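Asks: This structure is in structure tokens; I'll ask about it shortly.
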Amino acid sequence: MFCAEVKKQLEKIQRDNDELQKRIDDLAENIEEAGNQHNVLLAQYEEKEAELGRLKVAYDDLIKAMSKAVTIPDISDILSKAEEDGVRKQVDPPNEKHPGLNKLYGFIYDIETSDNYYYAYDEATWKQILEVVHPEVKKAVGFGSGEVSDCDNYAYTTAIFTALAFNEAGSKYQGAIGVAEGHYDPEIKTTHAFNVVFLNDNLMMTVEPYSNKWLGKTDDVNKESLRYKVRKINFTN
């Protein structure tokens with residue numbers, strides 16, 4: 001009787017041991033599988049890291065190439081003279097919350113700004129600045145022959161090149177030049193993009209980016225053409 005009981009206990013222990021061994025084998029298999037997955041994921045990660053590194057190098061090379069290809073206009077002398085002559089004014093261009101908007105302008109403009117302050121100048125100084133900037137814009141954009149096609153490219157490039165020129169000249173603030181969009185014009189069957197500059201007497205002037213032609217005070221131009229009737233202005237260059 002005693003021997004039978006011992007045998008029964010031994011068989012139970014053996015079964016338990018077999019079960020434990022099976023669990024150990026399963027865990028070992030899972031560990032091996034996890035190790036394989038880890039190796040696969042690690043290889044994928046390293047491949048992506050290498051690809052990211054190549055892309056960063058390509059991006060840096062592209063930026064260097066672009067910097068060599070694009071000539072930033074030199075307006076340092078113009079800005080220095082404007083400061084000496086006292087025609088530079090620190091301004092915060094009007095936006096939808098500007099308290100003086102209705103007093104300054106006959107039209108309510110949807111205006112976006114990214115900086116707290118900008119530099120405004122008299123008309124003569126702005127014309128000198130854009131006369132230097134405009135040839136480089138035409139070289140960079142290099143297309144478009146009419147007053148309509150690709151107007152946004154010219155308008156934004158003019159604003160960006162002006163911003164780059166101010167930065168290159170070491171200016172504390174950007175010049176107050178924006179990109180404006182007019183109302184739908186049935187004559188051209190689209191809207192037109194152009195530039196506006198903020199003067200030191202709190203007036204805005206409208207400028208055609210293709211020709212660098214000054215069209216006049218923005219409020220007056222608004223009344224003459226849907227194409228140049230300002231709908232919104234972006235000063236976020």
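Since every read-out is calculated from the coordinates, none of them should be taken as a lab result. If you're wondering where the values come from, they're calculated on a predicted model, not measured in any experiment. Here Cβ is always computed from backbone atoms with ideal geometry, including for glycine, and neighbour counts include all displayed protein chains.
Asks: Once you sort the root eigenvalues of the Cα gyration tensor of segment 118-237 as a ≥ b ≥ c, which label holds: rounded (a/c under 1.5), prolate (a/b larger than b/c) or oblate (the other case)? It would help to have the intermediate numbers written out before the result.
Replies: Details: a/c = 1.97, a/b = 1.30, b/c = 1.51.
Taking the square roots of the gyration eigenvalues as a ≥ b ≥ c, segment 118-237 is oblate.
Asks: May I pose another question? Order by neighbour count: TRP126, TRP214, fewest other Cβ atoms within 10 Å first, most last.
Replies: Lowest count first: TRP214, TRP126.
Asks: Can you order the peptides 15-27, 154-166 by their average number of other Cβ atoms within 10 Å per residue, highest first? Please report the intermediate quantities before stating the final value.
Replies: Working: 15-27: 10.0, 154-166: 22.4.
The peptides rank, most packed first, as 154-166, 15-27.
Asks: Check cross-link reach from LYS89 to the aspartates and glutamates: straight Cα distance under 12 Å, and skip same-chain residues fewer than eight apart.
Replies: The reachable aspartates and glutamates, counting only those whose Cα sits under 12 Å from LYS89, are ASP122, ASP201.
Asks: So how much slack lies between GLN90 and ASP115, counting 0.36 nm per residue of separation and subtracting their Cα-Cα distance, in nm?
Replies: Extra length from GLN90 to ASP115 when fully extended: 7.8 nm.
Asks: When the convex hull of the Cα atoms of segment 186-237 is projected onto a plane and the area is averaged over all directions, what value comes out in nm²?
Replies: Working: hull surface 16.6 nm².
For segment 186-237, averaging the hull's shadow over all directions gives 4.2 nm².
Asks: Which ³J(HN,Hα) values, rounded to whole Hz and listed in residue order, are derived for segment 80-91 from phi using the Karplus coefficients 6.51, -1.76 and 1.60 in 6.51 cos²θ - 1.76 cosθ + 1.60 with θ = phi - 60°, glycine and proline given as x?
Replies: Listing the rounded values in order: 5, 5, 4, 5, 4, 7, x, 9, 8, 9, 7, 9 Hz.
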